[in-house]
Each structure stands twice: as C-alpha cells, then as structure tokens.
Amino acid sequence: MDHQHLQGRWLAELRAPAAEGGTPPPPTTAVLQLGPHPELAHSVRGTTQRGSATAQVSGDVDDGDLTLEESINGTNISATWTGRVVDGSCGKEIRGTWNNAHPTPPAPAAIPFVMRRQAGWQ
C-alpha cells in the first residue's frame, strides 16, 4: 500500500476505554477525506470531521504503517494517527491508535481506532 491508496474517503471509529470500574463510552466516528499532498510527492493531505469539529491531516503510509498528523488550527499538531494496514483487507482497513497531543483528564491520551475505506466515487 502506498500514499495513492490512502486517497479517498475513510470512516474511522475511535473506541475510548472505560474508566476504571465504568462502562466504555460510545465510539466516536470520524470521517477522513484524503487527497494528494500538494507539496510532498509521496504524502496525503485532507481533513477529518468529528461531530462539528474539523481538523487538517497530513501524512503517509510506508510499508503498511500509517502516520497522520492532525491539526485543529492548521499550524500545531493536535493529535497523531498511527496504525497498520490489516493483512487480508486489500488496503481497505487500518487499525491503530489516535494520540491526543494535549489530553485533558479524564479523557485518555491514546484511543484505539479502526479506519475503513468507503466505497464510491472519491
């Protein structure tokens, strides 16, 4: 899988762990729209939408390892997505961890995610 396979629409489900002794919160859904990066030939750039919040993302995939940097203000990194393409998924599923650069307790700094490529015209 390379950067061209990342281009398009992805749906990510983030599942925060339960607080000690509690039940896990409902998953959060994020929609990522990725296209070619205008300045870096082997990278992607786009947006992620979680509820009413939109952030910019950019990154790449190298030998099946995904790295995306997320920025709420377009300048500073607010979170990172690191994951691995799932074997046998034909590059349509990535599992990993979303890491908040500035966690506010009790929210966890790291949240597991599953990202699935959406079908249709991109």
* Asked: Is the stretch 34-46 home to any residue that is among the acidic types (Asp, Glu), out of contact with any Leu (no Cβ under 6 Å at 6 or more places or on another chain) and touching a residue at least 12 places away in the same chain (Cβ under 8 Å)?
  -> no
* **Residue among 54, 80 that alone is surrounded by 17 or more Cβ atoms within 10 Å (Cβ to Cβ) and of a type in the set (S, T, N, Q)** => 80
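Here's the yes/no breakdown for (1) farther than 17 Å from residue 117 by Cα; (2) of a type in the set (Phe, Trp, Tyr):
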position: 10; (1), (2): no, yes
position: 25; (1), (2): yes, no
position: 29; (1), (2): no, no
position: 36; (1), (2): no, no
position: 46; (1), (2): no, no
position: 57; (1), (2): no, no
position: 76; (1), (2): yes, no
position: 90; (1), (2): no, no
* Tabulated pairs, the stretch 90-118, first on the phi > 0 side of the Ramachandran plot, second in a loop (DSSP other than H, G, I, E, B), C-beta under 6 angstrom, 6+ apart or interchain -> 91/1
* Could you say whether any residue in the stretch 85-92 is buried (at least 16 other Cβ atoms within 10 Å of the Cβ) and either of a type outside the set (Lys, Arg) or closer than 12 Å to residue 14 by Cα (or both)? -> yes
* Residue, surrounded by the most Cβ atoms within 10 Å (Cβ to Cβ), within the stretch 100-122, restricted to residues that are within 11 Å of residue 14 (Cβ to Cβ) and modelled with pLDDT of 90 or more -> 115
* To do: Report the residue count in the stretch 1-38 for those that are loosely packed, with under 14 Cβ neighbours inside 10 Å, touching a Lys or Arg at 6+ places or on another chain (Cβ under 6 Å) and modelled with pLDDT under 95.
  => 0
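The values are calculated or read from the model by the stated rules, or taken from the named source; none is laboratory data. These numbers come from a predicted model, not from an experiment. Positions of Cβ are backbone-derived with ideal geometry, glycine not excepted, and every protein chain shown enters the neighbour counts.
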